[in-house]
Amino acid sequence: MIQKIRTRAIHALLALLLTAGVLMPLLAVMDRSFLKPEVLFLSAGLIVLFECLSLHKIAALTGGILAAAGAAVWGFTAGGARCVSDVTIAISLRIRGIDTALPVVSGSAVIIVTVLITLLCCFACLKKAPYVFPLLICFAVTVLIWLTDRTELIPWMIPAFVSLLTILLTSGFPETSHMRVLPWSAAIMVLAYFLAGNGTAVLPLKNKADELRQTVLDHMFFTEARDVFSLYTVGLSPQGPNQLGGKPEPTDDPVMTVYTPKTAYLRGTVYDAYDGHGWQNTAGGKRYLWQSERMEKERIRLFDQDLPPDDGQNTFMKESAVSVRMLGESTSTLFVPQRIRQFVPGGNMVPYFSNSSELFITRNLQADDSYSVSAVLITSDEPNLENLIRICGLHAENSEPMPDLYYQLPSHLGPSLYQKALSITQDADTPFAKAAAIRDYLTATCEYTTDVDPHPENQDFVTAFVMNTRKGYCTYFASAMTVLCRMNGLPARYVEGYLARPDEKGEAHVTGMDAHAWTEVYFDGFGWLTFDATPGRAKPDTGNEQPETILINEKTENDPENKPNEDQPEPTPTPTPTPTPTPPPATGDTETDKPSDPPEATPSPSPEPSPSPPPENNHHPDGEQSGNPPATDQGTEGFPEADGFPWYLIPAAIILLLMIRIMMTSPSVRARHSRSDKKAANIWIQELYDLLNAENLIRNKGETILAYTDRIDQTGSFSTTLRPAGEAISVMYYSRNAARQDNTALIRDTAIMLRSEISKPGKIRYWLRRIFLLVRKREWNRL
């Protein structure tokens, strides 16, 4: 009984070391507040209870049954199942980068994780359990610390490494005492850690480890908030990220060089929700790896890669090669056309796409970053495009309906704006004709200028522009185009990015002055199409023609500031003070701006689908921010960060473990520490059998030892004769006589001579077998 208690006490010590070294870093990774001293006391209590129940089989069986029954009662009658479900969901959200749910269930999470880890470590440290279990546990937690870049937690794992090293060194050697090895294991691990220093001597190794970690995170666990492009970042939203309007202050800083055969609208951020002041992206919360085969169908759908169908392809759908080289730092957004067919990232880029069809990478763009795409460069200005869209619509009866978010409008929009939207398209009989009519109306009747007054916060932005001022730049025209399309039942979205206009050599030098905004309208069977309502927009060109465009602060003949529109007189609206919003007429809307034009229609329109309230904020579900200043990465809370983790400690520890394992599995060392001549003889017999097995000379089932050795001698594989060793083994194995030292010496000498004669592949198999396979799995007398 005393010996059993002593055995259970050693097991309890190993289990406690493994639990402490695994549990504390794991809790710290989950949340800093989870680190409490009570956790170790709970683990210690569970381990003591486990060991007490393990003293007797009946007690262990009874304890297991009671524990299972208690867990069942707790789970089904005391809300335990729901508690476990809540903790599981909170942890899964934490893995995806959403850490707001875990503190809500912190108490339950700490207890559940502590109990599970403690029991797991107890079973992993059992004498009959393979050493691979504690090895996998330590490896999993180490990888978790590595992936989360919490290297300051490595010292907390030293107790677990001590327990693991002790189990490794004593695994398969019942003659070796755990307590004799444990102090040496502790000394080795502590000494190895402190000798490692700060790792500056092997900085290249650390850098490679960091690169590998970042690659794994980028391809599998990219959930961090990213910097998102918006016109606010380039000075085209001077009144703030949430308010359009105001006099812009763009710069002519170089952004990128684009090689394209024709003018390309390079999309940056796509917005879907309008709230009267600005645009937000509410659809881009999910992100998918571009190369993911599992998400291939979703990628094809979002980027219209299968539209129009093959029978609708024509010269409009010709693919063009577009390549981009960045000239300076930028956000993580990749600027690409809408209809991408192929994408080739450059360097160490890991591309992702969102469900709003944005394309981005896992880091911010740097100077000299480059990428290329094959895309269809098509806009609404292409001649005869309406016929193709009409034909595509005839074959789109079974197409999926567009999400409501591309129709939604805020409820405060007044009936006058709806009436204006319907009057613009009253003569149009197709969806494309309606969108084109809205584009042409805005281009013809509204003046392009950057000399605008700040927009009042209490007025709807689009209403003030269309019905009152009729002056503005690209964000004004794009916002109005998108809202008016939705009022006519056309799914539309607002896009911000850059306009790349190539010279005769097909090269476009894009600067901050080329930042632009436009609208995309969806047509059944055809997909999304770019509409640019800004006056002087880029006309379709073929290769070497210099397109006629107008951007911020660029003065041309088509600029309304320099030359009035000759086809239609310039309207001269007389703005009036904005009245306080009053309850709406029959439509239930409120009017925020007094129209400058006389009423044109008497019926109150009821656009489909009906407007819905705008979103309350502009934050993505995954932590991204659209239209806001670039988000900055925040440091991880927790333990103070180390100056530099000695990454070479990991390979050094592995090499050290292998050397110790080789030494501890040496037959000479084991035979010298054996407690009897019979055990020493068995160790050398095992060595002889391992060498033969490594050369694939395996003893057949039922084959006697002499027959086995004679068969090997007949093959002539070795210069050493195995017959004498076989006779000595037979005498020891089949008789009751004690092992004689001369027989043991004969077997030992035969094994040593045989080791020098085996082939190189045999030596590799021999060392792998000796280091990684337990003795009880390869005992020579099992047959």
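Things to note:
- For region 753-763, the set of residues classified as closer than 12 Å to ASP690 by Cα, in a helix (DSSP H, G or I) and either open to solvent by less than 30 Å² (accessible area, probe 1.4 Å) or not charged (D, E, K, R) (or both) consists of LEU754, GLY762, listed by residue number.
- Filtering region 17-50 to residues that are in a helix (DSSP H, G or I) and without any contact (Cβ under 8 Å) to a residue 60 or more places away in the chain leaves PRO37, GLU38, LEU40, PHE41, ALA44, GLY45, VAL48, LEU49.
- Qualifying residue in region 44-56 (condition: out of contact with any strand residue (DSSP E or B) (no Cβ under 7 Å at 6 or more places or on another chain), farther than 20 Å from PRO134 by Cβ and not hydrophobic (A, V, I, L, M, F, W, C)): yes
- Matching residues, region 398-450, being touching a strand residue (DSSP E or B) at 6+ places or on another chain (Cβ under 8 Å), under 30 Å from PRO250 (Cα atoms) and in a loop (DSSP other than H, G, I, E, B): LEU409, PRO410, CYS446, THR449
- Qualifying residues in region 380-402 (those that are touching a residue at least 24 places away in the same chain (Cβ under 8 Å) and more than 18 Å from LYS434 (Cβ to Cβ)) - the one surrounded by the fewest Cβ atoms within 10 Å (Cβ to Cβ): PRO383
- Test result for SER320, open to solvent by 10 Å² or more (accessible area, probe 1.4 Å) and within 27 Å of ILE391 (Cβ to Cβ): yes
Okay, residues lined up against (1) in a strand (DSSP E or B); (2) open to solvent by 10 Å² or more (accessible area, probe 1.4 Å):
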{"site": "THR257", "(1), (2)": "yes, no"}
{"site": "TYR265", "(1), (2)": "yes, yes"}
{"site": "GLY276", "(1), (2)": "no, no"}
{"site": "GLU293", "(1), (2)": "no, yes"}
{"site": "ILE300", "(1), (2)": "no, yes"}
{"site": "LEU307", "(1), (2)": "no, yes"}
{"site": "ARG325", "(1), (2)": "yes, yes"}
{"site": "SER330", "(1), (2)": "no, yes"}
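- Filter pass, TYR288 being touching a residue at least 40 places away in the same chain (Cβ under 8 Å), part of a strand (DSSP E or B) and not aliphatic (A, V, I, L, M): yes
- Applying a threshold of 7 Å to beta carbon distances and a minimum spacing of six or more residues, or different chains, the list of pairs starting in region 481-494 at a residue that is without any contact (Cβ under 8 Å) to a residue 24 or more places away in the chain and ending at one that is among the basic types (Lys, Arg) and crowded, with 24+ Cβ neighbours inside 10 Å is empty.
- The residues listed here are THR463, THR445, THR430, THR450; of these, the one that is hydroxyl-bearing (Ser, Thr, Tyr) and surrounded by 24 or more Cβ atoms within 10 Å (Cβ to Cβ) is THR463.
- All told, ARG501 meets the bar of being open to solvent by 10 Å² or more (accessible area, probe 1.4 Å), within 27 Å of SER357 (Cα to Cα) and in contact with a strand residue (DSSP E or B) (Cβ under 9 Å, 6 or more places away or on another chain).
- Selection within region 710-752: residues that are closer than 17 Å to SER668 by Cα and in contact with a Phe, Trp or Tyr (Cβ under 8 Å, 6 or more places away or on another chain). The member of this set that is most open to solvent (accessible area, probe 1.4 Å) is ARG748.
The values are calculated or read from the model by the stated rules, or taken from the named source; none is laboratory data. The structure presented is a predicted model; accordingly, all values stated were derived computationally and were not measured. Ideal geometry is used to build each Cβ from the backbone, glycine not excepted, and the neighbour counts take in all protein chains shown. Ligands, DNA and RNA are stripped out before the accessible areas are found, and what is left, the full protein with its side chains, is counted by its heavy atoms. Shrake-Rupley method; radii C 1.70, N 1.55, O 1.52, S 1.80 Å.
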